[in-house]
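For reference, the structure discussed in these notes is given below.
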Amino acid sequence: MSITNEAELQGMQAASNAVAQTLKAMKDYAKVGMSTKELDDFGGKMLEDFGAKSAPFLTYNFPGYTCISVDNEFCHGIPSAQRILKEGDLINIDVSAELNGFWSDNGCSFILGEDIHQHQKLVDASKEILQKAIANIKGGVRISDIGHLIETEAKKRGYKVIKNLTGHGVGRSLHEEPHEVACYKDRFNLTRFKKNSVVAVETFIATQSTIAETLADGWTMVGNRGGYMAQHEHTIVVTDGKPIILTEANEIWD
């Protein structure tokens, strides 16, 4: 969507605050020995307290309130009573929701407890690259140039990017134009970021794979060559200068 008045900005701020606060609280709530369903139920209750509804459930009838992916699961992991969190797990939580007709999206990867499997470097790369990418977004910038920046920064650190997972426009529904804010230089994408548009910008930084494939459950995605992936995501408003980060309350950069 494009922000055209103060009421729309306030609507997006409220929806974004709901998903951001929920993401932060879920990250803090996650504990060794807890099931991903228990963590998801906690997030679902929090969204409900905000008056918000789960976007993946509303849009796709996803079997959970949030997507929780663990270890070699890249994204869209289904919360399960059987999936028990362990020390050192690489966890990704993606929280998106609708509130009063406005939709917002955010996500982060983190290590549970002690980093016994040495995933922190990957997590930090995803986080830092998102920060750099967003700092370079303003009206008129080519979307493919931001993709080029993301991939270049990933390669510098010895990582790859996932090419079939992208950021996207958001606001009046979960996925809007621009439909693909890729993590690589897509030379066929000639579109530019538009001032006042609302975009969910995501990094998908991986150790070995470049494509995410869907498992037999129809949702969970893993890498075509295995390995691990870290993702971070903010919903922003594009301006002439520094973007407005609507989901900053998630504190994923702190």
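The values are calculated or read from the model by the stated rules, or taken from the named source; none is laboratory data. Small disclaimer: the values here were computed from a predicted structure and weren't measured. Heads up, the Cβs are rebuilt from the backbone with ideal geometry, glycines too, and the neighbour counts pull from every protein chain shown. Ligands, DNA and RNA are stripped out before the accessible areas are found, and what is left, the full protein with its side chains, is counted by its heavy atoms. Shrake-Rupley method; radii C 1.70, N 1.55, O 1.52, S 1.80 Å.
Some notes on this structure:
- Residue list for region 186-242, restricted to those being touching a Gly at 6+ places or on another chain (Cβ under 7 Å), of a type outside the set (Gly, Ala, Ser), open to solvent by less than 20 Å² (accessible area, probe 1.4 Å) and in a strand (DSSP E or B): 198, 199, 201, 202, 229, 231, 232, 233
- Check on residue 133, in contact (Cβ under 8 Å) with a residue 60 or more places away in the chain, touching a Phe, Trp or Tyr at 6+ places or on another chain (Cβ under 7 Å) and in a helix (DSSP H, G or I): no
- Positions within region 66-105 being among the polar types (S, T, N, Q) and closer than 20 Å to residue 20 by Cα, in sequence order: 66, 69, 92, 96, 100, 104
- The lone exception for residue 124 - which of (1) under 17 Å from the mean Cα position of the chain (by Cα); (2) assigned to a loop (DSSP other than H, G, I, E, B); (3) free of Cβ contacts under 8 Å to residues at least 12 places away in the same chain it fails: (2)
- Of all residues in region 21-49, those that are among the hydroxyl-bearing types (Ser, Thr, Tyr) have Cβ atoms under 8 Å from Cβ atoms of residues that are part of a helix (DSSP H, G or I), 6 or more apart or on another chain, in 22/43; 22/46; 22/47; 22/50; 29/39; 29/42.
- When we screen 82, 120 for residues that are among the polar types (S, T, N, Q) and closer than 23 Å to residue 205 by Cβ, the only hit is 120.
- The residues in region 1-12 that are touching a Ser or Thr at 6+ places or on another chain (Cβ under 9 Å) and within 13 Å of residue 100 (Cα to Cα) can be counted, and the count is 2.
- Scanning region 80-112 for residues that are part of a loop (DSSP other than H, G, I, E, B), open to solvent by 10 Å² or more (accessible area, probe 1.4 Å) and in contact with a helix residue (DSSP H, G or I) (Cβ under 8 Å, 6 or more places away or on another chain) yields 80, 81, 83, 100, 101.
- Across region 10-28, the qualifying residues are those that are within 15 Å of the chain's Cα centre (by Cα) and either open to solvent by 20 Å² or more (accessible area, probe 1.4 Å) or among the basic types (Lys, Arg) (or both), and the one among them that is nearest to residue 104 (Cα to Cα) is 17.
- Test result for residue 118, more than 25 Å from residue 244 (Cβ to Cβ) and free of Cβ contacts under 8 Å to residues at least 24 places away in the same chain: yes
- Residue match in region 30-52 (condition: under 19 Å from the mean Cα position of the chain (by Cα), of a type in the set (A, V, I, L, M, F, W, C), at pLDDT 95 or above and not in a helix (DSSP H, G or I)): yes
- Among the residues of region 154-163, none qualifies, meaning not one is farther than 14 Å from residue 231 by Cα, modelled with pLDDT of 95 or more and crowded, with 21+ Cβ neighbours inside 10 Å.
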